[in-house]
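Novice: This is the structure, below, for whatever I ask next.
Derivation of every value follows stated rules applied to the coordinates shown; laboratory data play no part. Since the model is a prediction, treat every value here as computed from it, not as a measurement. FYI the Cβ positions are ideal-geometry reconstructions off the backbone, even for glycines, and counts take in every protein chain you see.
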Amino acid sequence: MAPPVVLPDLQTLTVDAAAALAFLLAGNARFVANHPLDPHHDSLYRQQLTQAQHPFAMILGCIDSRVIPELLFDCGFGDLLVIRTAGHAIDEVTVGSIEFGADVLEIPLLVVLGHEHCGAVKATISMLDQQQTAPDRIAVLVDHLRPAVAEIDIHDPNRLDAAIRANVLHTVVELQQIPLLAQREHAGLLRIVGAYYSLVSGAVELLTTPHG
Ligand SMILES: [Zn+2]
């Protein structure tokens with residue numbers, strides 16, 4: 001029988017971006033294999049966190065109800081700082097939240113997580129194709145997602161999926177241009193990577209290199 005997997009005490013370890021990415025991918029592999037450890041869920045652990053938090057990764061993901069970072073990375077309380085907006089679109093407040101995670105909590109890794117069948121990207125495609133304006137603030141959201149969607153040939157048979165992946169890379173580049181985040185990345189204190197979650201397999205695939 002294989003020895004039980006013991007998760008490190010992430011609250012006391014100093015974790016760099018490479019280690020953080022390895023924790024996430026290992027957690028996702030457990031999730032995909034349907035053998036999650038469901039770590040850091042118990043009341044004792046929760047109580048240990050009351051004085052401080054040291055999440056090891058930030059996830060900027062979509063609001064989609066089928067994409068729950070803590071579950072798909074097999075993490076628990078205190079592990080992840082999660083920010084979710086439709087199509088992981090960013091604005092001033094979102095960036096402020098990410099800067100807080102990077103600068104104040106000194107989280108070494110930021111993962112931009114797109115996903116299969118993203119409704120926000122799909123809606124953007126249909127708004128653009130029909131030359132319609134989305135109602136109220138949804139129009140603001142569509143404007144955010146438009147550049148990535150416009151990059152993909154309208155005849156591409158995998159247009160939606162290609163646009164979803166392009167949208168992840170757009171968000172990564174946008175974040176890399178934020179001065180405070182760029183500064184931390186250049187200093188080796190933060191790494192920003194793009195990833196894609198498959199609803200079907202449950203697997204997370206990296207879209208940029210760990211240095212990207
Ligand atoms: Zn989505």
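Novice: Quick one: helix 138-150 against the long Cα principal axis of the chain, what's the angle to the nearest 10°, folded into 0 to 90?
Specialist: Between helix and principal axis, roughly 80 degrees.
Novice: Quick check: convex hull of the Cα atoms in the chain, volume per residue, rounded to a whole Å³?
Specialist: 137 Å³
Novice: Taking the Cα centre of the chain as the origin and placing charges on Cβ (Lys, Arg +1; Asp, Glu -1), which of A22, P39, Q53 is farthest toward the positive end of the dipole?
Specialist: It is P39.
Novice: I would also like to ask the following. Using the Karplus curve 6.51 cos²θ - 1.76 cosθ + 1.60 with θ = phi - 60°, what ³J(HN,Hα) values do you get for each residue of the stretch 153-162, in whole Hz, with x for Gly and Pro?
Specialist: Once rounded to whole Hz, the list reads 4, 5, 8, 4, x, 10, 4, 4, 5, 5.
Novice: So, one more: Can you tell me the order of 168-181, 37-50, 70-83 when each peptide is scored by its average per-residue count of other Cβ atoms within 10 angstrom, highest first?
Specialist: So the order, starting with the most tightly packed, is 70-83, 168-181, 37-50.
Novice: Can you tell me how much longer the chain between V93 and H186 gets when fully stretched, taken as 0.36 nm per residue apart minus their C-alpha distance, in nm with one decimal?
Specialist: Net length gain for the segment: 31.2 nm.
Novice: Quick check: net charge around K122, other residues with Cβ under 15 Å of its Cβ, Lys/Arg +1 and Asp/Glu -1?
Specialist: Summing Lys and Arg as +1 and Asp and Glu as -1 gives -1.
Novice: Further question on the same structure: Output the peptides 112-124, 94-106 sorted from most to least packed, where packing is the average of other Cβ atoms within 10 Å over each peptide's residues.
Specialist: In decreasing order of mean packing, 112-124, 94-106 become 112-124, 94-106.
Novice: Would you compute, for the Cα atoms of the stretch 80-119, the largest minus smallest coordinate along each principal axis and list the three values in descending order, in whole Å?
Specialist: The principal-axis extents, from largest down, are 34, 20, 10 Å.
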